[in-house]
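Worksheet: the structure to be examined is printed underneath.
The values are calculated or read from the model by the stated rules, or taken from the named source; none is laboratory data. What you see is a predicted model, and the numbers here were worked out from it, not measured in a lab. Cβ: placed from backbone, ideal geometry, glycine included. Neighbour counts: every protein chain shown. Side chains included, ligands, DNA and RNA excluded: accessible areas come from the protein's heavy atoms. Shrake-Rupley method; radii C 1.70, N 1.55, O 1.52, S 1.80 Å.
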Amino acid sequence: MSRLGQLTRERRAGVGADAGAGAGWRVPANVWGLGVTSLLTDISSEMIVSVLPAYLVLTAGFAPLLLGVATSLHEGGPLLVTWIGGWAADRSGRRKLTAACGYALSAVCRLGWLLLPARILPGRAVSELALLIVSDRMGKAIRTAPRDALISLSVRPAQLATAFGVHRALDAAGAAAGPVLAFTLLWHFPRRFDIVFFASFIAALLGVAALLLLVREQHPVDADQRDQSGERDARGSSRGTTHVWSEAWRVFADPALRRVIILAAGFGLVTINDAFVYVLLMQRSPAHTHWIPLLYAGTAAAFLLLAVPIGALADRAGRQRVFVLGHVPLLLAYAIVLGGAPAWPANAILCVLLLGGYYASTDGVLASLAGGLLPAPVRAMGLAWVDTAVSVGRLCSSMLFGLLWTHVSARTAVLTFAAALFLIMASFAFRPEDGTTCTTGTTGAPA
Amino acid sequence: MTPRRAQLFFLAACVVSILTIALYIAVARPQAPASSPSAAATTAAASAADARATLISAMPSGPIILFRNAAPGALYGRLAIQKLPLTPDAAPLIAPLSCERVYYAAGAGICLVADEARLPPRYLAYVFDDTFAQRPAITLTGPPIRARVSPDGRRAAVTVFESGHSYADDAFSTKTQVIETSSGKVLGDLEAFAVRKDGQPFASIDFNFWGVTFARDGDHFYATLKTKGERYLVKGSVDARVMDVVRAGVECPSLSPDETMIVFKKPLVREVGWRLHVLVLASGEERPLNQVRRSIDDQVDWFDNRHIVYHDSASEGTGVWMLSVDGTSPPRLLLPNAYSPAVRQ
């Protein structure tokens, strides 16, 4: 596709004039706008998440067991709301508005944290905290699929993974900056959690402003003409008459997407949660658990640095290939956890780099892989499916890993997951790429 | 709106946001407890409770129950005392100390402090006397969880989490130290004591100890030992620096004042949580207490030879609950908004 052609399309889609001016890494302004939105929103949410344990135990007088409940509420989240977000975005064709509702809901929750301390009554506050946490997560669930659909509709198909790389890099920058900002504030103003909550609320509002001001709605008709076959257009245009579940089912019926869903769920199932990796790493080292937040920040930093180059690589070398081989660093991280590597702190630094590399080559790449396969009118719903598949896979993986750890041993658990990961990688590594590049826009046949 | 104009608007929004945060920091009054007297005004109830509280500078005489004040307001986290027997609506006496976990017996107290608002967080322990004068602080290596002083006031024991933040987390490890109260110095770490099981030396690198309870002589004690997934009750001597495994399935023991019974928390089989049980030492008989349906995670203290007190967060109220060990009556809320109870009869 010529640069001129790209430029014309960007103009027609109403995105920034700077798009297409540079080489392969340049992405349209819309992607930057969505990236800035995510950056601010992640700063906002990570500020809260990183101080929550200290806040609940110190100020709200929470028992540690309740803290566990609050944390799992945060992790679990309402999965099916993702579908509703995807469905609403597709059906109305207003992805930006749907995403904005999700961002706004989370922003309102940040305000809730600020108002809550004044009326905390131990024992009663638990349900209010749960409501806040669940609503916050609902906001995230609503916005994810419309936002990713908007990213994928804003760029040429050949640039999908690069665009997601840019977005995920900004997202990771927010995740790394949030805790640093929160702790800096608490350092200067000890125990002033209200300042952290207020700053978090303002950052969330600014995130909504970034979405409304810097991002333009993309029209599927324009975008769809770019890469989709007539068959898909016909199928896509029959939208608008179904409700959320039948729409979800219809999208699932597409064999190409179903393969991506199975890929996502399968790999999610054999992925050990970061938290387990860090705790296991700490157990083998003389270091303190205080380092764990730093490991999260380090992983986010590595993710941030690698996301764009690996995204660009995926656009050239094939997204599915990069996604599957992107689990090699994860496998190496498991090996380090099992003790097959240098001593502290070299093992932690290596682990952080490997996990960052794993995220960079899987997270945005998977979204671009699915985005490239989906007809524009049902893209948000399809992305919601992939998102749900990853979440369900990881949720099951955490439970399985916890069970194995409790009833057998941590070593056996890691070995089991490593073996399963290796098998699933081997089984996907030799499959042909299905419609993951712009030149093969047809529906992939099941391999 | 043109993209260029929208970008300018966004830049303006960024500047306004930063100014708003700066303005908030400049004008907002602290809501955090214990920061300034005005913080008490955050809730009417809290300020009313605070207003009724009496500040004290020495331990009152007679029977008392000590606890960490968990009522919201400016006095949150302070060491509080109620005289016994409790009278309804009696205002608490507030000591000039703030403790995360606290215990007191025979003129010596131990106060554990956590400052987690800083990075890295700081954890300290210090011994105090009847006038709340503090001995030099001991630096702790993790969040404090258990504190006990021997009935004769000679020794204190402190447990902290080294990794993991809850007993429910299977990967936790703990560190337990015994402190001499007269000097405020550490006498030793339980992991450095010898352990015997069935008379034979018993050792493993995964040993974790917690929940010390002292006998009246200030030397003998019971504690929990966890190794390879099993939790044992151990009985030891601080002077001899040795412990013997007594039985399995016992966590956070608490020895009755007459030294005939131990109340402990027993891990549930299929879920995460604990039920309080009583062990009669002479017969080895063990039975559950009717603490109703909830899980209790606390090292209990004895109110007298027939009743125990412990912390629980329940829908009926969060605070210190009381329960008889004969299993006849249900638990009742003794002190709302209280934590870490210690009784001196």
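Where the only charges are on Cβ atoms (+1 Lys, Arg; -1 Asp, Glu), what is the dipole of the range B:62-139 about its Cα centre, to the nearest 20 debye? Walk me through the numbers on the way to the answer.
Details: 7 positive and 6 negative charges, 20 e Å.
Around 100 debye, computed over the range B:62-139.
Accessible area lost on pairing A with B, both sides, 1.4 Å probe, Å² to nearest 100? Working shown, then result.
Numbers: alone 18980 and 16600 Å², together 31570 Å².
Approximately 4000 Å², summed over both chains.
Could you give me the ³J(HN,Hα) list for the range B:220-230, computed from phi with Karplus coefficients 6.51, -1.76, 1.60 and θ = phi - 60°, whole Hz, x at Gly and Pro?
So the J values, rounded to whole Hz, are 6, 8, 10, 7, 9, 10, 10, 8, 6, x, 9.
With a 1.4 Å probe and all protein chains left in place, how much of the accessible area of the range B:254-345 comes from carbon and sulfur atoms, in whole percent?
52 percent
Can you work out the Karplus-derived ³J(HN,Hα) for every residue in the range A:376-385? Use 6.51 cos²θ - 1.76 cosθ + 1.60 with θ = phi - 60°, whole Hz, and x for glycine or proline.
So the Karplus estimates, Gly and Pro as x, are 3, x, 10, 5, 5, 4, x, 5, 4, 4 Hz.
Pop the C-beta distance of B:C14 and A:L338 into the FRET formula with R0 = 51 Å and round what comes out to the nearest 0.05.
Working: r = 46 Å, r/R0 = 0.90.
Rounded to the nearest 0.05, the efficiency is 0.65.
Provide a whole-number value for the mean count of partner chain Cβ atoms within 10 Å of the Cβ atoms in peptide B:137-146.
Other-chain Cβ atoms within 10 Å of each residue's Cβ, averaged: 1.
For a distance above 19 Å, tell me the whole-number percent of Cα pairs in the range B:254-323 that qualify.
Working: 737 of 2415 pairs.
The proportion of pairs with Cα distances above 19 Å equals 31 percent.
Projected onto the charge dipole of chain B (+1 at Lys/Arg Cβ, -1 at Asp/Glu Cβ, origin at the Cα centre), which of B:A26, B:V278, B:V263 gives the Cα projection farthest towards the positive end?
Of B:A26, B:V278, B:V263, it is B:A26.
In nanometres, what is the gap between the two model label sites at A:R94 and A:L80, each 7 Å from Cα along Cα-to-Cβ?
Spacing of the two 7 Å Cα→Cβ label points: 2.5 nm.
Using a 1.4 Å probe on the protein chains only, how many percent of the accessible area of the range A:318-357 belongs to carbon and sulfur?
With neighbouring chains kept in place, the figure for the range A:318-357 is 78 percent.
Measuring from the lowest to the highest alpha carbon on each principal axis, how far does the range B:123-261 reach, largest first, in angstroms?
43, 33, 24
Once you have the Cα-Cα distance between B:A28 and B:D115, take 0.36 nm times their residue separation minus that, and quote the gain in nm to one decimal. Display every interim value, and only then the final one.
Values: separation 87, 0.36 × 87 = 31.32 nm, distance 2.26 nm.
In short, 29.1 nm is gained.
Just the projected area, averaged over all directions, of the convex hull on the alpha carbon atoms of the range B:51-151: how many nm²?
Numbers: hull surface 28.0 nm².
Mean shadow area of the hull around the Cα atoms is 7.0 nm².
Starting from the Cα of B:R5, step 7 Å along the direction of its Cβ; do the same at B:A106; then give the gap between the two resulting points in nm.
8.3 nm
Compactness ratio of the range B:249-295: Cα Rg over 2.2 N^0.38 Å, N = residue count?
On the way: Rg = 10.9 Å, N = 47, 2.2 N^0.38 = 9.5 Å.
Normalised Cα radius of gyration, the range B:249-295: 1.15.
With every protein chain left in place, what is the accessible area per residue of the range A:262-384 in square angstrom, probe 1.4 Å?
Working: 3960 Å² over 123 residues.
Solvent-accessible surface per residue comes out at 32 Å².
With a Cα-only, solvent-free Debye model of the range B:210-345, what are the log10 I(q)/I(0) values at q = 0.22 Å⁻¹?
For the range B:210-345, the Cα-only Debye profile gives -1.44.
Hey, got the dipole for the range B:257-345? About the Cα centre, +1 on K and R Cβ, -1 on D and E Cβ, debye to the nearest 20?
The calculated dipole for the range B:257-345 is roughly 260 debye.
How big is the range A:332-432 in terms of Cα radius of gyration and Dmax, in angstroms?
Just the Cα atoms of the range A:332-432 yield Rg and Dmax of 16.5, 52 Å.
7 Å from Cα along Cα→Cβ at both A:A429 and B:D258: what's the point-to-point distance in nm?
Label-label distance for A:A429 and B:D258, simple model: 7.2 nm.
Of the options B:F161, B:G73, B:W321, report the single residue whose Cα projects farthest towards the positive end of the charge dipole of chain B (beta-carbon charges: Lys, Arg +1; Asp, Glu -1).
Checking the options against the dipole of chain B, the answer is B:G73.
HN-Hα J couplings of the range A:164-172 from phi, Karplus 6.51/-1.76/1.60, θ = phi - 60°, integer Hz, Gly and Pro as x?
These are the phi-based 3J(HN,Hα) values: 5, x, 4, 4, 5, 5, 5, 4, 5 Hz.
Report, to one decimal in Å, the Kirkwood hydrodynamic radius for the range A:360-417 based on all distinct Cα pairs.
13.2 Å
So what is the accessible area of the range B:94-159 per residue, in Å², with the probe set to 1.4 Å? Show your work: numbers first, answer last.
Numbers: 2020 Å² over 66 residues.
So the range B:94-159 comes to 31 Å² accessible per residue, rounded to a whole number.
Over the range B:236-345, what is the mean sequence separation of C-alpha contacts under 8 Å (at least six apart), divided by residue count, expressed as relative contact order in percent?
Working: 223 pairs, mean separation 19.4, N = 110.
This gives 18 percent for the range B:236-345.
Where the only charges are on Cβ atoms (+1 Lys, Arg; -1 Asp, Glu), what is the dipole of chain B about its Cα centre, to the nearest 20 debye?
The calculated dipole for chain B is roughly 820 debye.
Which pairs break 29 Å Cα to Cα here: B:K228/B:K265; A:K140/B:K226; B:K197/B:K266; B:K175/B:K197; B:K83/B:K266; A:K140/B:K228?
Flagged as over cut-off: A:K140/B:K226; B:K83/B:K266; A:K140/B:K228.
Under 5 Å between amide H atoms, partner at least 5 residues away or on a different chain: which partners does B:I145 have, H built in plane at 1.01 Å?
So B:I145 has HN proximity to B:T159, B:V160, B:F161.
So what are the range A:301-368's ellipsoid semi-axes, whole angstrom, largest first, if each one is the square root of 5 times an eigenvalue of the alpha-carbon gyration tensor?
For the range A:301-368, the ellipsoid semi-axes come out as 24, 12, 7 Å.
What are the semi-axes of the equivalent ellipsoid for chain B, taken as the square roots of 5 times the Cα gyration tensor eigenvalues, largest first, in whole Å?
Value: 39, 26, 21 Å, ordered largest first.
Within the P(r) computed for the range A:155-222, what percentage of the Cα pairs occupies the region above 13 Å?
Within the range A:155-222, distances greater than 13 Å cover 75 percent of Cα pairs.
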